[in-house]
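Scroll down for the structure; my scribbles are underneath it.
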Amino acid sequence: MTRLLTRSFVLSSVLAASLAGAFPAAYADGKPHVVILATGGTIAGAGASVANSATYQAAKVPVDKLIAGVPELANVAEVRGEQVFQIASESFTNDNLLTLGKRVAALARQPDVDGIVITHGTDTLEETAYFLNLVLKTDKPVVVVGSMRPGTAMSADGMLNLYNAVAVAAAKDAAGKGVLVTMNDEIHTGRDVSKSVNIKTEAFKSPWGPLGMIVEGKTYWFRAPAKRHTTGTEFDIDKLDKLAPVDIAYGYGNATPTAYRAFAEGGARAVIHAGTGNGSVSSAVVPALQELRSKGVQIIRSSRVVGGGFVLRNAEQPDDKYDWVVAHDLNPQKARILASVALTKTQDSKELQRMFMEY
Ligand code: DGL
């Protein structure tokens, strides 16, 4: 009975502090301090019935209810929440990325914050996680998490995903690994992970595999990130007030240059070509891309074929001759994130190519 009372006291003091926007002064056992930044998505979703695992409204449940829904969070960390947005992530904008990134950076600088969790819709979770991996100068664990089913559904995955995310954010051995994504018991690097299935709980995959697993609150690591991130980055969220507009055009049979020209007319500073195969470009499109390049628009070849390969420079297209960039192993949506950050620092295509090989 005492244990139950203690826990309910602890929980109520955490929730009270959470509403006050700070950690409670005295906290019995000195657990790590983790802040949960909520942005919306299915993890905050609600469906009409328990049978609705895929039909629901995203971005409904507020952060304090998400925390109250998993009382076991108090066993792994002292947790408090902030509601940054309440949106479905397909509607995320570059300004949302900047607002979220600046809040994470400010919290990471606070000595009383040990780790940060971001709850997020799964549709663009991979973009936000890569963006933060590029611009945050902290080695504290930052973990992005979502769910494929709303909390109202049978076998909802959000509770355990959130518990796992807080456990990773509270884990000392998660420090210095860059921005992480925990979904379905796996720990992925924000750089590599993508949503690869649209309605299964095992939806997130990394072409080079997860970094590790989180099981019953304990982390198990099997590899480390190979590319530059966070404390090793040359980008800085605190010096970013605008991201460069970058758009993506798909390659396919019978393709035309219309989309690429329209994006450039709309102000795109780079167009990501989501090419067939090894980032191939239709002969009907090449002249338009050469024309756009001559007008200062960067052309970045990615591939619609994702997972386990990379676009090789000067293989299917003479990139040196055309002054184009290859996205290496980054899929089109990841390439857009890197380009939108990189173009705030350089307009030089050789510098861009360096960045695509290093991040
Ligand atoms: N509207 C989608 C989003 O917010 C729901 C998908 C999800 O969060 O799982 O990303």
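Tabulated data for the structure shown
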{"quantity": "CD proxy at 222 nm, helix term only [per DSSP H run n ≥ 4: -39500 (n - 2.57); per residue of the chain; nearest 500]", "calculated": "-9000 deg cm²/dmol"}
{"quantity": "Prolate/oblate/rounded label for region 170-237 (Cα gyration tensor, a/c 1.5)", "calculated": "oblate"}
{"quantity": "Cα-derived Rg over Rh, computed across region 174-314 with Rh taken as Kirkwood radius", "calculated": "1.04"}
{"quantity": "Axial C-alpha extent at least 24 Å, average Kyte-Doolittle at least 1.0 - helices from the chain (DSSP)", "calculated": "2-20"}
{"quantity": "Listed pairs Lys102/Lys334; Lys227/Lys350; Lys172/Lys242; Lys137/Lys295; Lys195/Lys345; Lys31/Lys200 exceeding 26 Å between Cα atoms", "calculated": "Lys172/Lys242; Lys137/Lys295; Lys195/Lys345; Lys31/Lys200"}
{"quantity": "With every protein chain in place, the chain: carbon and sulfur % of accessible area (1.4 Å)", "calculated": "55 percent"}
{"quantity": "Unit charges at the beta carbon, dipole of region 204-359: most positive-side option, Pro257, Gln298, Val215", "calculated": "Val215"}
{"quantity": "Residues Lys242 and Val197, FRET efficiency given R0 of 41 Å [Cβ-Cβ distance, rounded to 0.05]", "calculated": "0.75"}
{"quantity": "Region 77-213: C-alpha gyration tensor shape, a/c 1.5 cut-off, then a/b vs b/c", "calculated": "rounded"}
{"quantity": "Probe 1.4 Å, accessible area per residue of the chain, Å²", "calculated": "42 Å²"}
{"quantity": "Cα gyration tensor shape for the chain, rounded if a/c is under 1.5, else prolate or oblate", "calculated": "prolate"}
{"quantity": "Protein-only accessible surface order, largest first, of Trp221, Trp208, Trp324 at 1.4 Å", "calculated": "Trp208, Trp221, Trp324"}
{"quantity": "Rounded Å value of the spacing that divides the Cα centres of region 59-79 and region 265-317", "calculated": "44 Å"}
{"quantity": "Protection proxy ranking of 133-145, 105-117 - average other beta-carbon atoms within 10 Å, highest first", "calculated": "133-145, 105-117"}
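The values are calculated or read from the model by the stated rules, or taken from the named source; none is laboratory data. Not measured: the values here are computed from a predicted model. A quick note on method: Cβ atoms are made from the backbone with ideal geometry, for glycine too, and the neighbour counts reach across all protein chains shown. Keep in mind that these areas ignore ligands, DNA and RNA; they rest on the heavy atoms of the full protein, side chains included. Shrake-Rupley method; radii C 1.70, N 1.55, O 1.52, S 1.80 Å.
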